[in-house]
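Note sheet for the following structure.
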Amino acid sequence: MIMEAVKKPLSIKIIYWTTSIAFWIFVVVAILGTALVSALMLNVFEGDLQLHVGLPVGINIVETGILDLDLSSKYIDVQFTEMVGKIQFKDTPADLGRIYGGFMLIILGIFLYIFIIFRRFITNVYNGVYFDLDNIALLKRISYALVLVWGFTVFYSYFQYFYIAQNLQFNSIVITNDVQTYSEILVGALFIWVLSHIFMKGCELQDEHNYTV
Amino acid sequence: MAIIVNLDIMLAKRKMSLTELSNSVGITMANLSILKKEKAKAVRFSTLDAICKTLDCQPGDILEYKPD
């Protein structure tokens, strides 16, 4: 069938160029990340590493203060009760650095894969190919990769909880057992999976339309 | 498929080529070829009307049902 040249909508152009720019930025980040992981694996920092990592568990902390709002002339007494935060391993041991480096490499790899697939999908849409078997396969692959991301982040969270958080000892804060499970990633994966099935129906309709004389 | 398209028979009876039919009914060669090769999934009434008018025939002369 001869594809008619149609004017691309502005929204598609914006999404395409934003995705392309974000993709190449991520490629640079992935290269830098891989270089950092290689340095961690080879113990280039030799005990001079100050690793900061997010701790995906709730922290009970009691800290009082005041809130100065412009709305009223009064100060409001406030108190921190629970929060999440980052932890710094001072002079991080090489083995710990290697473990986090491994985690970083896996997550970079999965995200790079998702980015490549998503960019292919957006490029197809940009070229006017909407309801196509290739697009359905790409959407399904993205949803499965997101499930993998979710599984990995849950594993990472529980690793942090059992291996790090439970062994932390502080005077004024208490680590809770409220581990983040990032269920929103799973919802996102489900949404894209449903979208792939909608595209499948669209593909059938497109096929019917192409063979209607 | 159980629906047989007898367009080539009708064209032979009227001594007309597919290109001539395409020009007179205003349907692309690609679409007429899809119809002739029985690859079509649906036929518009407007297409059927134009073909029947040009070939001076009934829809039943072009389409035929044969059980599988």
Inset, instruction - Pick out which of A:S72, A:S196, A:S20 has the largest mean-square fluctuation in a Gaussian network model of chain A, springs linking Cα atoms closer than 10 Å. - result: A:S72
Inset, instruction - Report, in debye and to the nearest 20, how large the dipole of segment A:10-212 comes out about its Cα centre when Lys and Arg carry +1 and Asp and Glu carry -1 on their Cβ. - result: 460
Inset, instruction - Please state, as a whole number in µm²/s, the translational diffusion coefficient that the Stokes-Einstein equation yields for chain B at 4 °C and 1.567 mPa s, with Rh defined as the Kirkwood radius across alpha carbon pairs. - result: 108
Legend entry - Coordinate range along principal axes, alpha carbons of segment A:38-134, Å, largest first: 61, 47, 20
Legend entry - Above-threshold pairs, the threshold being 29 Å between Cα atoms, out of A:K140/B:K37; B:K13/B:K41; A:K8/A:K201; A:K140/B:K36: A:K140/B:K37; A:K140/B:K36
Legend entry - Candidates B:K41, B:K15, B:K53, ranked by Gaussian network fluctuation over chain B, Cα under 10 Å, top entry: B:K41
Legend entry - Kirkwood-type radius of segment A:10-212, with distances r between different C-alpha atoms, in Å: 20.7
Inset, instruction - Positive end of the charge dipole of segment A:10-212 (Lys, Arg +1 and Asp, Glu -1 on Cβ, about the Cα centre): tell me which of A:I31, A:T181, A:V53 has its Cα farthest that way. - result: A:I31
Legend entry - Test item: Cα-centred dipole of segment A:26-89, Lys/Arg +1 and Asp/Glu -1 on Cβ, debye: 200
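We did not get these values from a lab; they are worked out from the coordinates using the rules stated. Quick caveat, the model's predicted, so the values are computed rather than measured. For neighbour counting, all protein chains shown are included, and Cβ atoms are generated from backbone atoms with ideal geometry for every residue, glycine included.
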